[in-house]
1. What FRET efficiency comes out for the pair N47/R73, r = Cβ-Cβ distance, R0 = 35 Å, nearest 0.05?
2. Give me the distance in nm between label points sitting 7 Å out from Cα along the Cα-to-Cβ direction at I56 and A39, one decimal.
3. For segment 25-69, I need the span (max minus min coordinate) of the C-alpha atoms along each principal axis, in Å, sorted largest to smallest.
4. Projected onto the charge dipole of segment 25-69 (+1 at Lys/Arg Cβ, -1 at Asp/Glu Cβ, origin at the Cα centre), which of G57, L34, A68 gives the Cα projection farthest towards the positive end?
5. Can you sort F28, F71 by how many other beta carbons sit within 10 Å, fewest first?
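Taken together, the values in this text are just the output of simple stated rules run on the coordinates, not laboratory data. Computed from a predicted model, the values in this text were never measured in an experiment. Here the Cβ positions follow ideal geometry from the backbone for every residue, glycine too, while neighbour counts run over all protein chains shown.
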Amino acid sequence: MTLTPIRPLLQSRPSRLRAPFGGGLPSFILRLALWRRRARTRRQLANLSDHLLTDIGLSAAEGRRESARPFWRS
């Protein structure tokens, strides 16, 4: 299973992604792609054991909290 780190994804996106849908269709498509990636990453995070969460520097509570967040929230 390949995990995608959450922070680098947010930092690598152009600043226009952070603006509300004012960029037209291309911005909306990029927003959908970001949401899809967040949802997938959070599902993967929810499936990790406590041992693996510890390996990546998260406690079990932090992992549960992050995986429970909605995909539209960064």
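1. It comes to 0.95.
2. 1.9
3. Ordered largest first, segment 25-69 gives principal extents of 42, 15, 15 Å.
4. The listed residue farthest towards the positive side: L34.
5. Working: F28 12, F71 15.
Taking fewest neighbouring Cβ atoms as first place, the list is F28, F71.
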